[in-house]
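Peer 1: This is the structure I have questions about; it appears just below.
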Amino acid sequence: MIVELGHFALILAFGLALAQAALPMAGVLRGVRAWSGAAVPLACGQFLFVLVSFACLAHAFLTDDFSVRLVATNSNTLLPAWYKFSALWGNHEGSMLLWLTILAGWSSAVALIGKDLPIEMRARVLSVMGMIAVGFHLFVLLTSNPFLRSFPNVPEEGRDLNPLLQDIGLVMHPPMLYLGYVGFSVAFSFALAALWSGRLDTAWARWSRPWTTAAWLFLSVGITLGSWWAYYELGWGGWWFWDPVENASFMPWLAGTALLHSLAVTEKRGLFRSWAVLLAIMTFSLSLLGTFLVRSGILTSVHAFATDPERGSFVLAFLGVVVGGSLTLYALRAPQSSGPAGYSLLSREAALLANNVLLVVAMATVLLGTLAPLVVSAMDLGRISVGPPYFNLMFVPLMSLLAVAMGVGPLMRWRDSSGASLRAMLAVPAASCLVIAIAFPFTYAGHWHAGAALTAGLTAWLAATLVAGLRQRLRERGGLRALPMLGFAYWGMVVAHVGFAFSMAGAGLTSIYSDERDVRMSAGDSVTLGAYEFSFLRTRHVDGPNYSAERGEFTVKNVSGERVRHLKAEKRDYHSQMGNVMTEAGIAPGFLRDLYVSLGEPIGDGSWAVRVHHKPFVRWLWIGGVLMGAGGALTLFDRRYRRPSAQQPVR
């Protein structure tokens, strides 16, 4: 009965989504204020019923209701409770219900938090979000119904969740990623509402900016969690594989980062209005493209759940309607908007434009590398493989230029900057960058390496320019007493840029200096890797809640013979999916390095295939991702965004 209640609630939510799409639009077109105001209760009602539907499906998973097909194919009585709950979105149908729940949540948040928006603007935004919700409701109800029963042949036991997904990473990573993906629908809706109204002024940018920041925050943290999950769960020691499904989340992040910076210019100076709207359309379209890639069945990945071509066709058609419709509206309305002119090449506007161009070119590079093999295969032209060599060759120069622009931009003034003043502020950062670039490779590794020099130099450049910018602001505002007056937006920018520097340093240095060895080891054997000695102590059998495992125990000592860590690596065989063996790595984390051991296959005579890694600076990647998210969170506390009223002046 609870399952049918969930299905019925989802149908009622679909009806409310239809009303949310149509009634506020009619109210704006006909000038009926009551119809426009109905957008708020409709959005909240839709969220309430979708949440009831989600809760009913969660109840089916937690109570092992195997009469529900989705539960029978993705859960098991032996599965721990937290994995039963996350199994809800560890499949296609459940993950789309999660998507729909988050979309309805964002819509209700706009309805409630955006109460100071002009009623017509709020009605337009919620109407667009209602249209998006209608599309996803139809997708779930017609092609991906999670409430289907398996009567009369109800299995006594479920197949279990994919062992690769039985991890705390699955509990956190997809919801956080979806909060970012779907959150960009708010920026998209604001952009279309502004086009619809014919007013591409600074107000829509100010209203849209905190929502865009929140979505970017969640997507940044979601991507970071995904990288961390892949690193410790897959047993390969890698943190990014340029997999098409990984790229599907990275592309909207790149476009969303460009959108954030362009909105800052639009809000402050009224420039880049049409460009900001186009970026908002592009960012959400890339989120939908990622959905198509994962749900269409054209990709093979642990993330790619769907294999039904009907689903892929539906998402592709929906993507065509959203992108085609929004670009048509853009073509009709955007040329009518012209912002103020006048800024020099030595201005913050110019630096942010360079930032935008580099980010969009980087996104296009990833898009080309992701889609090219699929297009070639679809046209029966053979097969091509686009892997890390292509992405690294194209991406590294672009990110290097972006780091340079990120250092210079905050030091520039709006409209125009003094060349002499700028040179004076950049002198110390440039010297620091040069010294550290030369010294770091010799100090760390004892020999020259151009890539390490570039990475260290750019990291020093970002840090030094942030310090120079802070000194300049304090000097202009009266010294240290001005620190509290700098505002959360400024500190959010600083923390986010520090996070980018950490991630850039982590990606570059761990790629250059990581070392690994594949060896055959028996109990009592040792292997040396860099400054560490890994000793294989023993293996023993252990039993988990729904698996049995062979656990290898290792000790790691440094060059002076002191024990650093005791590591445990496992090979797990899951009871419900015999033969599906998973690797659990043993990791000794550290700020400057990770020591990593993964247990391979038994070779015979008590020997095992063992892989050992020394991975310098790899933690900096995820520290940087968390800091970028924290920077976005700080920005949301800025006083400009606490009550985004229409009368609030632009700073």
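The values are calculated or read from the model by the stated rules, or taken from the named source; none is laboratory data. As the structure is a computational prediction, the values presented were derived from the model and not from experiment. All Cβ positions, glycine included, derive from the backbone under ideal geometry; neighbour counts span all protein chains shown. Side chains are part of the model used for accessible areas, which takes the heavy atoms of the whole protein and leaves out ligands, DNA and RNA. Shrake-Rupley method; radii C 1.70, N 1.55, O 1.52, S 1.80 Å.
Peer 1: Restricting to segment 68-117, name every residue that is out of contact with any Lys or Arg (no Cβ under 7 Å at 6 or more places or on another chain), farther than 28 Å from LEU293 by Cβ and either among the β-branched types (Val, Ile, Thr) or surrounded by fewer than 20 Cβ atoms within 10 Å (Cβ to Cβ) (or both).
Peer 2: THR77, LEU78, PRO80, ALA81, TRP82, LEU112, ILE113, LYS115
Peer 1: Looking at ASP525, ASP518, which is the one that is charged (D, E, K, R), open to solvent by less than 70 Å² (accessible area, probe 1.4 Å) and within 30 Å of GLU601 (Cα to Cα)?
Peer 2: The conditions single out ASP525.
Peer 1: Here's another thing I want to ask about it. Is at least one residue of segment 52-70 aromatic (Phe, Trp, Tyr), touching a residue at least 60 places away in the same chain (Cβ under 8 Å) and farther than 16 Å from PHE147 by Cα? Write out each step before concluding.
Peer 2: Pass one, segment 52-70, residues aromatic (Phe, Trp, Tyr): 54, 61, 66.
Now narrow it down to the ones that are touching a residue at least 60 places away in the same chain (Cβ under 8 Å): 66.
Those still in the list that are farther than 16 Å from PHE147 by Cα too: none.
Scanning segment 52-70, I find no residue that is aromatic (Phe, Trp, Tyr), touching a residue at least 60 places away in the same chain (Cβ under 8 Å) and farther than 16 Å from PHE147 by Cα, so the answer is no.
Peer 1: Pick from SER150, SER144: which is among the small types (Gly, Ala, Ser) and in contact with an Asp or Glu (Cβ under 8 Å, 6 or more places away or on another chain)?
Peer 2: Matching residue, one of SER150, SER144: SER144.
Peer 1: Moving to a separate point now. Test each condition in (1) under 29 Å from LEU271 (Cβ atoms); (2) loosely packed, with under 13 Cβ neighbours inside 10 Å; (3) in contact with a helix residue (DSSP H, G or I) (Cβ under 9 Å, 6 or more places away or on another chain) for ALA420 and report the one that comes out false.
Peer 2: Going through (1) under 29 Å from LEU271 (Cβ atoms); (2) loosely packed, with under 13 Cβ neighbours inside 10 Å; (3) in contact with a helix residue (DSSP H, G or I) (Cβ under 9 Å, 6 or more places away or on another chain) one by one, ALA420 breaks only (3).
Peer 1: Ok, one more. In segment 442-458, is there at least one residue being at pLDDT below 95 and buried (at least 18 other Cβ atoms within 10 Å of the Cβ)?
Peer 2: Among the residues of segment 442-458, not one is at pLDDT below 95 and buried (at least 18 other Cβ atoms within 10 Å of the Cβ), which makes the answer no.
Peer 1: Are any of the residues in segment 191-201 open to solvent by 10 Å² or more (accessible area, probe 1.4 Å), among the hydroxyl-bearing types (Ser, Thr, Tyr) and not in a loop (DSSP other than H, G, I, E, B)?
Peer 2: Within segment 191-201 (the criterion being open to solvent by 10 Å² or more (accessible area, probe 1.4 Å), among the hydroxyl-bearing types (Ser, Thr, Tyr) and not in a loop (DSSP other than H, G, I, E, B)), the answer is yes, since at least one residue qualifies.
Peer 1: Still on this structure: Suppose the filter is surrounded by 21 or more Cβ atoms within 10 Å (Cβ to Cβ) and in contact with a strand residue (DSSP E or B) (Cβ under 6 Å, 6 or more places away or on another chain); does TYR532 pass it? Lay out the reasoning, then the answer.
Peer 2: Working: surrounded by 21 or more Cβ atoms within 10 Å (Cβ to Cβ): no; in contact with a strand residue (DSSP E or B) (Cβ under 6 Å, 6 or more places away or on another chain): yes.
So TYR532 does not fit the description; no.
Peer 1: For segment 118-146, name all the residues that are over 26 Å from the mean Cα position of the chain (by Cα), open to solvent by 10 Å² or more (accessible area, probe 1.4 Å) and modelled with pLDDT of 90 or more.
Peer 2: Selection gives PRO118, ILE119, GLU120, MET121, ARG122, ARG124, LEU141, LEU142, ASN145.
Peer 1: Just checking, does segment 354-373 include any residue being in contact with a Pro (Cβ under 7 Å, 6 or more places away or on another chain), part of a helix (DSSP H, G or I) and modelled with pLDDT under 90? Write out each step before concluding.
Peer 2: Filtering segment 354-373 down to residues in contact with a Pro (Cβ under 7 Å, 6 or more places away or on another chain) leaves 370.
Then keep just the ones that are part of a helix (DSSP H, G or I); that gives 370.
Keeping just the survivors that are modelled with pLDDT under 90 gives 370.
Yes.
Peer 1: What's the total number of residues in segment 227-251 that are part of a helix (DSSP H, G or I) and either over 28 Å from VAL186 (Cβ atoms) or over 8 Å from the mean Cα position of the chain (by Cα) (or both)? Break it down into steps so the answer makes sense when it comes.
Peer 2: Pass one, segment 227-251, residues part of a helix (DSSP H, G or I): 227-233, 244-251.
Remaining after also requiring either over 28 Å from VAL186 (Cβ atoms) or over 8 Å from the mean Cα position of the chain (by Cα) (or both): 227-233, 244-248, 251.
Number of matching residues: 13.
Peer 1: Does segment 81-95 contain any residue that is of a type in the set (D, E, K, R) and more than 28 Å from the chain's Cα centre (by Cα)?
Peer 2: no
Peer 1: Go through segment 41-67 and give me each residue that's open to solvent by less than 30 Å² (accessible area, probe 1.4 Å) and in contact with a Lys or Arg (Cβ under 8 Å, 6 or more places away or on another chain).
Peer 2: Once the filter is applied, which keeps residues that are open to solvent by less than 30 Å² (accessible area, probe 1.4 Å) and in contact with a Lys or Arg (Cβ under 8 Å, 6 or more places away or on another chain), segment 41-67 yields PHE61, SER67.
Peer 1: Now for a different question. Return the pair list, or none, for Cβ contacts closer than 6 Å from residues in segment 378-397 that are touching a residue at least 12 places away in the same chain (Cβ under 8 Å) to residues that are of a type outside the set (Lys, Arg) and open to solvent by 100 Å² or more (accessible area, probe 1.4 Å), at least 6 apart or on different chains.
Peer 2: none
Peer 1: Is there any pair with a first residue in segment 577-606 that is within 24 Å of GLN166 (Cα to Cα) and of a type in the set (Phe, Trp, Tyr) and a second that is part of a loop (DSSP other than H, G, I, E, B) and at pLDDT 90 or above whose Cβ atoms are under 8 Å apart and which are 6 or more apart or on different chains, and what are they?
Peer 2: TYR596/ALA585
Peer 1: Would you confirm whether or not segment 2-19 contains a residue that is open to solvent by 50 Å² or more (accessible area, probe 1.4 Å) and in contact with a Gly (Cβ under 9 Å, 6 or more places away or on another chain)?
Peer 2: yes
Peer 1: Quick one: TRP414 ticks every box in (1) closer than 30 Å to ARG640 by Cα; (2) more than 31 Å from the chain's Cα centre (by Cα); (3) not in a helix (DSSP H, G or I) bar one, so which box is it?
Peer 2: (2)
Peer 1: Taking segment 348-400 as the region of interest, how many residues are β-branched (Val, Ile, Thr) and open to solvent by 60 Å² or more (accessible area, probe 1.4 Å)?
Peer 2: So the answer is 5.
Peer 1: Considering only segment 475-489, state which residues are buried (at least 16 other Cβ atoms within 10 Å of the Cβ) and either among the aliphatic types (A, V, I, L, M) or in a helix (DSSP H, G or I) (or both). Break it down into steps so the answer makes sense when it comes.
Peer 2: Our first condition is that a residue be buried (at least 16 other Cβ atoms within 10 Å of the Cβ); within segment 475-489, this holds for 487-489.
Result: PHE488, ALA489.
Peer 1: For a quick check of your reading of the model, give me the residue pairs whose first member lies in segment 415-441 and is at positive phi, whose second is open to solvent by 60 Å² or more (accessible area, probe 1.4 Å), with beta-carbon atoms closer than 9 Å and at least 6 apart or on different chains.
Peer 2: Sorted first by the residue in segment 415-441, then by its partner, the pairs are ARG415/TYR343.
Peer 1: What number of residues in segment 149-162 are surrounded by 13 or more Cβ atoms within 10 Å (Cβ to Cβ) and either at pLDDT 95 or above or of a type in the set (S, T, N, Q) (or both)?
Peer 2: 2
Peer 1: Is at least one residue of segment 377-398 over 25 Å from the mean Cα position of the chain (by Cα), part of a helix (DSSP H, G or I) and not hydroxyl-bearing (Ser, Thr, Tyr)?
Peer 2: Yes, segment 377-398 has at least one match.
Peer 1: To continue, here is another question. Taking into account only those residues within segment 506-535 that are of a type in the set (Val, Ile, Thr) and not in a helix (DSSP H, G or I), which is farthest from PRO589 (Cα to Cα)?
Peer 2: By that ranking, first place goes to VAL519.
Peer 1: Kindly check whether there is at least one residue in segment 224-242 that is in contact with a helix residue (DSSP H, G or I) (Cβ under 6 Å, 6 or more places away or on another chain), open to solvent by less than 10 Å² (accessible area, probe 1.4 Å), in contact (Cβ under 8 Å) with a residue 24 or more places away in the chain and not charged (D, E, K, R).
Peer 2: No, because not a single residue in segment 224-242 is in contact with a helix residue (DSSP H, G or I) (Cβ under 6 Å, 6 or more places away or on another chain), open to solvent by less than 10 Å² (accessible area, probe 1.4 Å), in contact (Cβ under 8 Å) with a residue 24 or more places away in the chain and not charged (D, E, K, R).
Peer 1: Sticking with this structure for a sec: If I go through segment 536-548 residue by residue, how many of them are buried (at least 17 other Cβ atoms within 10 Å of the Cβ) and under 25 Å from GLY590 (Cβ atoms)?
Peer 2: 1
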